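The structure appears below as structure tokens.
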Amino acid sequence: MNAAEIIAILREQRLRVFTTADFITLSGLTDVAATKALARLATRDLLVRIKRGVWVNQLAANLNPYEAVPFLRAPWPACVSLHSALADYGVVEEIPHVISAVTSAMPRRYSTAIGEFRFHHLPRHVMWGFETRQAGSGQYPVAEREKAFLDLVYLALTPRSPLQLPHKRGRAWDLDKPKLTAYAKRFHYAPLESWLKTNNLWMVGARNPAVPA
């Protein structure tokens, strides 16, 4: 299979970030042949390999590095959260240089041609509260505003955590306090609830809202 045929498959299937297994299914090539074919395109800067078996299509328009997040820790769930999500929502002013995500897998760092990724571990019982965000022709999973904030506080309060607690700088956080309180209860983590109460972010009597998967 030549380069033009491979590019045609990528365009027809709108593959932006994909796996070697995806390409094998679509092309009918063997594992070895598919890997070699994709590697040839990578030498021409048409593709970038960001992890063994995971590729980024350099021809895809306006590709957002966040689109790679679910692929880097698959088959475990992962989503954009913490400072990256909070900066997008305008909750924090700092613009992070590292893409922060949470996953039920072990924590991991990836240095790739499309960005630096850092995955932080969350227990399975708190891997919820995210949605799929459409970004042009691509999409990626991102924690809701309040869930991203709670993820950060929860992890920062965990012993030996590399993360720091969020700090207000001259204005109130743009957060839904009833939802924040209801979501916090689902963590079942007393230090988290205590921190929210100390920072006037806890609302007594808040009911549990519907939570995205």
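Which of the listed residues, 141, 113, 180, is farthest toward the dipole's positive end in the chain, when Lys, Arg count +1 and Asp, Glu count -1 at the beta-carbon? The listed residue farthest towards the positive side: 180. Considering helices alone, the calculated mean residue ellipticity of the chain at 222 nm is -10000 deg cm²/dmol, with DSSP H runs of length four and up weighted by -39500 (n - 2.57) and normalised per residue.
The residues 18, 71, when put in order of fewest to most other Cβ atoms within 10 Å, stand as 71, 18. Ranked for footprinting exposure by Cβ neighbours inside 10 Å, fewest first, 121, 97 give 97, 121. Set the Cα radius of gyration of segment 3-57 against 2.2 N^0.38 Å, with N its number of residues, and you get 0.96. For segment 78-84, putting each phi into the Karplus relation 6.51 cos²θ - 1.76 cosθ + 1.60 with θ = phi - 60° gives couplings of 8, 8, 5, 7, 6, 4, 5 Hz, in residue order, rounded to whole numbers and with x for Gly and Pro.
Within 10 Å, Cβ to Cβ, of residue 104, how many net charges do the neighbouring residues add up to if Lys/Arg are +1 and Asp/Glu are -1? That works out to +2.
Among the GluC sites (Glu not before Pro) in segment 65-156, those placed in a DSSP loop whose Cβ has at most 15 other Cβ atoms within 10 Å are 93, 94. Of the beta bridges in the chain, as assigned by DSSP with both residues counted there, near 80 percent are antiparallel.
Every number here is computed from the coordinates shown, using simple stated rules; none is lab data. Just so it is clear, the structure is predicted and the values come from calculations on it, not from any experiment. When we count neighbours, we look across all protein chains shown, and the Cβ atoms used for this are built from the backbone with ideal geometry, even at glycine.
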